[in-house]
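One structure is given below, encoded as structure tokens.
The values are calculated or read from the model by the stated rules, or taken from the named source; none is laboratory data. Since the structure is predicted, the reported quantities are computational estimates derived from the model, not experimental observations. Here Cβ is always computed from backbone atoms with ideal geometry, including for glycine, and neighbour counts include all displayed protein chains. Remember, those area values only see protein heavy atoms, side chains included, never the ligands or the DNA or RNA. Shrake-Rupley method; radii C 1.70, N 1.55, O 1.52, S 1.80 Å.
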Amino acid sequence: DYVVVKMIPDNRLPPRHLHAVHTAKTFAVIKWESPYDSPDQDMLYAVAVKDLVRKTDKIYKVKSRNSTVEYTIKKLEPGGKYHVIVQLGNMSKESSMKINTVPLSAPDALKIITENDHILLFWKSLALKESNFNESRGYEIHMFDSLMNITAYLGNTTENFFKVSNLKIGHNYSFTVQARCLYGGQMCGEPATLLYDELGTGEDSSATKSGRATDVAAIVVPVLFLLLVTLGIGFVVLYMRHRRLQNSFTAFANSHYSSRLGSAIFSSGDDLG
């Protein structure tokens, strides 16, 4: 003997196992399970998204009969922070979680050009690879002095370069460039970092090495050229002298040649040159 018992669903229970499946720059995919197994009718959920940075709220309605529900939250901001609450439409108990969206990428090709009394930072426009970035937002630049162990905010710009002056001799610096932070520095892009080795000369380490190589080449090449020219002149002089001596000896030998004997005869008193 057996008996079938069907439990009365409790619509006051919260959704179960709420979690994020995928998080991107402008959207997030979340998933949860119904408050009880195998719902026999459509269930209406309320998904509340609280922007912890902007201090704004949005509510979305989701209807599903499935035991497992997947939903995509759209129109989020890169680098944002959100509090997500899911509950049944009758305002039952809730399930909640926090989501941090992916920040904007770091600018590419950050490099340093050394000038006489300052340096210039250059990088590629972030808009080339980030459709969500507008150049009007701009970039902000930070500098870390490893000798003083101090990080300084240098400023921001809407250009793709930045001038840095008043660097101290013998200090090493690290520069970071990132999409400008919004809303009190809470929504920032990923930083691109570049080490600047001042080395007491006011030059980047790579620029210093190339500059030194250039200076050495500028000295060595002319010296080698002068040596080759000198050697060439020396060979010419030796050749001309050899020819002159050969001609002189030939004339001298001819003057002592005896056709009768078929040879040249020299006495001990002759000057052979």
- Expressed as a whole percentage, what fraction of the accessible surface of the range 108-197 belongs to carbon and sulfur atoms when a 1.4 Å probe is rolled over the protein heavy atoms? 50 percent
- Task: Can you send over the solvent-accessible area of Thr158, 1.4 Å probe, protein chains only, in Å² to the nearest 10?
- Result: 80 Å²
- Eligible lysines near Lys111 by straight Cα distance, threshold 16 Å, same-chain separation 8 or greater: Lys124, Lys163, Lys209
- Item | Where trypsin sites (Lys or Arg not before Pro) fall in DSSP loop in the range 68-113, at most 13 other Cβ within 10 Å | Lys74, Lys75, Lys93
- Task: Give me the accessible area of Arg180, 1.4 Å probe, in Å² rounded to the nearest 10.
- Result: 80 Å²
- Cα-based Rg and Dmax for the range 108-197, in Å, come out at 13.2, 41
- Just grab the label-to-label distance for Phe225 and Glu115, each label 7 Å out from Cα along the Cβ direction, in nm (one decimal). 3.2 nm
- Task: Could you grab the relative contact order for the range 5-98? Cα pairs under 8 Å, six or more apart, rounded to a whole percent.
- Result: 35 percent
- Message: Explain nothing, just the number: dipole magnitude of the range 1-118 about its Cα centre with +1 on each Lys and Arg Cβ and -1 on each Asp and Glu Cβ, in debye rounded to the nearest 20.
- Response: 320 debye
- ³J(HN,Hα), Karplus 6.51/-1.76/1.60, whole Hz, each residue of the range 77-93, x for Gly, Pro: 10, x, x, x, 10, 9, 10, 10, 10, 10, 7, 5, x, 7, 6, 6, 5
- Note on the structure: Carbon and sulfur atoms account, in whole percent of the 1.4 Å probe accessible area of the range 16-100, for 47 percent
- Note on the structure: For the range 16-100, dividing by residue count, accessible area per residue (probe 1.4 Å) in Å² works out to 57 Å²
- On average, how much accessible surface per residue is there in the range 122-161, in Å², for a 1.4 Å probe, leaving out ligands, DNA and RNA? 60 Å²
- Assuming R0 = 45 Å, what is the FRET efficiency of Leu44 and Leu128, from their Cβ-Cβ distance, to the nearest 0.05? 0.55
- Query: Near Lys98, which lysines are there with a Cα under 25 Å away, not counting those fewer than 8 places off in the same chain?
  - Reply: Lys25, Lys31, Lys50, Lys55, Lys58, Lys61, Lys63, Lys74, Lys75, Lys81
